[in-house]
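Just so you know, all these numbers are worked out from the coordinates, no wet-lab data involved. Since the model is a prediction, treat every value here as computed from it, not as a measurement. A quick note on method: Cβ atoms are made from the backbone with ideal geometry, for glycine too, and the neighbour counts reach across all protein chains shown.
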Amino acid sequence: MMRRLLLAWAFMAFCSAAWAQDLDVNAWATFTSTNAGYANRTETLDVSFIYNPQMTIQDTLGSVVGGTLSVSGFGFLGAFTGPSGNFGISLQGDIPFFDAEGDEIDLRVPINGILAGINTTNGFDLFNCLGPVCSAAFPGTNIPRAFPTSEGSIASAAVPDGTRFLPMSLATLGACTLAWRLRRKGATAPREA
């Protein structure tokens, strides 16, 4: 019986991952100042969102599902925020994030969109510095101003309602295991005459 439950759970996990078109994307980057006067000052940006690869909005590389974008920026440049609502990713392939001074860090999306896997985005760049602190820490006029000293991303299947896959599958496995255990206990209990 347990084998059948495990096979059913594995089939359900495979099917829900195969049917899911949306991806749960987590990306992060750390920028370190290139100016000796700002030595060892860093800015870290952590981003997570549900990505829909469907090109439903004209001239886009897919879209970010509304209400799923979470941005955490900390360091000497302060907090960053991103676009709100359901928005398409332009053909330029950038998702922009801004701080209070107007400094811009972009997450770059490949021309074929974000794929499931590790490091399947094109990474981040510090696109432009408008504030005085950013301009001093990253001198010059090149665009982009700087690339991260460390970065990464992970994109994994998200089930259609946006629930993360791992918690859903663990909950299902737990329920199946509990049902199996209760049934097994009931089958081995002594019978009264």
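See the values below:
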read-out	value
Average silhouette area of region 21-161, convex hull of alpha-carbon atoms, in square nanometres	8.0
Cα-projected label distance for I118 with N142, points at 7 Å along beta-carbon direction, nm	2.9
Placed amide H near T68: partners under 5 Å, 5+ positions off or other chain	I50
Scaled radius of gyration (Cα, divided by 2.2 N^0.38 Å) that region 36-113 gives	1.22
Net lengthening on full extension, S84/A100 (0.36 nm per residue, minus Cα-Cα)	4.2 nm
For T42, T149, order by how many other beta-carbon atoms lie within 10 Å, fewest first	T149, T42
